[in-house]
Structure formats: C-alpha cells, structure tokens
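S.K.: One structure, pasted below without further comment.
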Amino acid sequence: MTKIIDGKIVSAQIKEEIKANTQLLKQKSGIIPGLALLIVGEDPASQVYVRNKEKTCLELGFNSILKQLPIDATEKECLDIIHSWNNDENIHGILVQLPLPKQINEQNIIKSISLQKDVDGFLPENLGRLVIGLPCYVPCTPNGIIELIKRYNIETKGKHVVVVGRSNIVGKPIANLLYQKKENANSIVTICHTAADDIREYTKQADILIAAVGVPELIKADYIKEGVVIIDVGVNRVSDPSSPKGSRLCGDVDYNSVFDHCSAITPVPGGVGPMTIAMLMQNTYKSAAGEIKF
Ligand code: GUN
C-alpha cells in the first residue's frame, strides 16, 4: 500500500504548535513575532503566496506588514524599505517574494537583509552555515521536506537520495541538509540536472527521490525503482479542458503513473506546498524568541 504524505495535516499541527508558543512568548516577554513582506509587481501566483503568508500571520497571532511596489520599482526603492525594516525592532523576519523584475538584482536585494531577519534562509552566510552545520535559518521548503520525513518516520540514514534540480531555493539546500551527519539526514546524496544525458540513469537508483525542477509530470514509472519514497516539490499549472477552470495544478511527478510503484508520495497540491508557509512561520517565531544564536 502506498502511503500518502499529507502536508496539510502536518502543517496544521506545526502551526498549532507555533500558535501556542507565540502566546507563551507574548505572556512571558511581551514579544509579538513580526514578519515584513515585500512584493514587486503583480504576478498572480506571487500575489496568492504573499496573501497566504499574511493570512497565516494573523491566524498565529503574529504581526505582519505587506509592502507592494509597482513592476517598474527600482532596486534603490527596495533597498530603502529593507533598510528601514532591518532597523525596526518589531520586525523579526523579512521576506522579499521572488522572482523580482529584471531591473532589480535579486542577490543585491537578498544580501541587504539582516542575517538575523533572513527567515527565508537565502543569504549566502545562512546557506554557508547550513553547509557546515552551524546554527542558521533553514530555507522553508527544504526544512518542510525534512519535517515531513521526520514526522512520517522515513528512514534516511545510509539511503540514496536523488535530488532532481539544483536551484538555490530547493535543490542545493535540501541536498546539503540530507548528507549532514545527524538525525533525519545522514544520507548518500546525488544531485542530477539538465546536463545529464538521461536522468533516469540516476533517478532509478533513488531510495528517496526529490523532484524540484519545474517540469510538469517529468517523473514517470520508468524513472523510478520499486518502493521509492517520492517527494514532489513541483507546482505547475497545466491546461486541462476537462477541469472547470480549464487548467489544473500538477507536480514534477506523474502521480498516477508512479503511485502503485512507490512506498510513499507527497501529492500536489497538499504535500510539500503547505509546509513552506508553516516553516516560514517557524523561522519567524525562532527569530522573535532569539532561538538562533549566530
Ligand atoms: N518564490 C517562490 N518560493 C519562494 C520562497 O520560498 N521565498 C520567497 N521569498 N520567494 C519565493
């Protein structure tokens, strides 16, 4: 029987835990976690993501600020906003929704965020700390994957994890987390990407397969080994005339094709996606509570 790894249930549990801890923090020290969100332009998917983050702040008893800039905003305007947030003691986390318009250099913006408020975990110093195992903010989607692995008791020690995709947000950090010598890690990790002649050569070796490439339903039954655990990070909208909207969401994995051949799988939607916001809230709580000592 294939187990469905349910990110909606796990993220709801984590949010309840954070909500309770937030009340305690308020009672003990008067601190209310505060998250500042910056969005540039009107990309519909980014708008939905940011509004969900704002809504979740409200649910958990956090403060939030949302700043929206027009699509033609300058790098200087973004930097000025981040600078003021860096100096505001009521703001514990700063999130700049990516992607940014072309005239704005993404790395310049990320680097301007104070290390203590980098709740996305995107700063080069944060990622460097992650690689060498120092305290840091773990990027939210990779952290959500680790949390799912932990709460579903998926064995990782000595297992071969194959990550498809090498993005800074998912592929690189999840690969680096999973080979660390610690609980819920200690795996043998392979990263494969577009330079492979045939990624099946690698994906077929996986005990745990993590797909994070943004190619709809790339991974099919002939890409996997019987009994693999599949973590699907893809969120792709594809046209579907049979759906009332004319389109549907799908992952990087062809769910129906692989389902009978894997031992566990995250669905899309409802798998990794809901975990990302929960982990963002956890990082913001940790910042407010001073739990990460740099
Ligand atoms: N765009 C897509 N995913 C993310 C994320 O995790 N954080 C930010 N800031 N932007 C994103």
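S.K.: Looking at 141, 56, 74 in this structure, which one is of a type in the set (S, T, N, Q) and within 13 Å of the ligand (Cβ to nearest atom)?
M.R.: Being of a type in the set (S, T, N, Q) and within 13 Å of the ligand (Cβ to nearest atom) holds for just one of 141, 56, 74, which is 141.
S.K.: On the basis of being within 25 Å of residue 236 (Cα to Cα), among the hydrophobic types (A, V, I, L, M, F, W, C), in a helix (DSSP H, G or I) and within 14 Å of the ligand (Cβ to nearest atom), does residue 45 make the cut?
M.R.: In short, yes.
S.K.: Just to be sure I understand the filter: pairs with C-beta atoms under 6 Å, separated by 6 or more residues or on different chains, first member in the range 70-98 and within 18 Å of residue 31 (Cβ to Cβ) and part of a loop (DSSP other than H, G, I, E, B), second member open to solvent by less than 30 Å² (accessible area, probe 1.4 Å) and away from the ligand (no atom under 16 Å from the Cβ). Which pairs pass?
M.R.: Close Cβ pairs (under 6 Å, with a partner that is open to solvent by less than 30 Å² (accessible area, probe 1.4 Å) and away from the ligand (no atom under 16 Å from the Cβ)) amount to 90/34; 91/34; 92/33; 92/34; 92/288.
S.K.: Here is a list of conditions, (1) assigned to a loop (DSSP other than H, G, I, E, B); (2) free of Cβ contacts under 8 Å to residues at least 60 places away in the same chain; (3) within 16 Å of the ligand (Cβ to nearest atom); (4) buried (at least 20 other Cβ atoms within 10 Å of the Cβ), and residue 166 meets all of them except one; can you say which number that is?
M.R.: Just one mismatch for residue 166, condition (4).
S.K.: Out of the residues in the range 238-294 that are β-branched (Val, Ile, Thr), outside any loop (DSSP other than H, G, I, E, B) and within 15 Å of the ligand (Cβ to nearest atom), which is nearest to the chain's Cα centre (by Cα)?
M.R.: 276
S.K.: While we're here: Among the residues of the range 60-67, are any closer than 30 Å to residue 235 by Cα, within 16 Å of the ligand (Cβ to nearest atom) and basic (Lys, Arg)?
M.R.: Scanning the range 60-67 turns up at least one residue that is closer than 30 Å to residue 235 by Cα, within 16 Å of the ligand (Cβ to nearest atom) and basic (Lys, Arg).
The values are calculated or read from the model by the stated rules, or taken from the named source; none is laboratory data. None of the values given here were measured: they were computed from a predicted structure. In this analysis, Cβ positions are derived from the backbone assuming ideal geometry, glycine residues included, and neighbour counts consider all displayed protein chains. Protein only, heavy atoms only, side chains kept; ligands, DNA and RNA dropped before computing areas. Shrake-Rupley method; radii C 1.70, N 1.55, O 1.52, S 1.80 Å.
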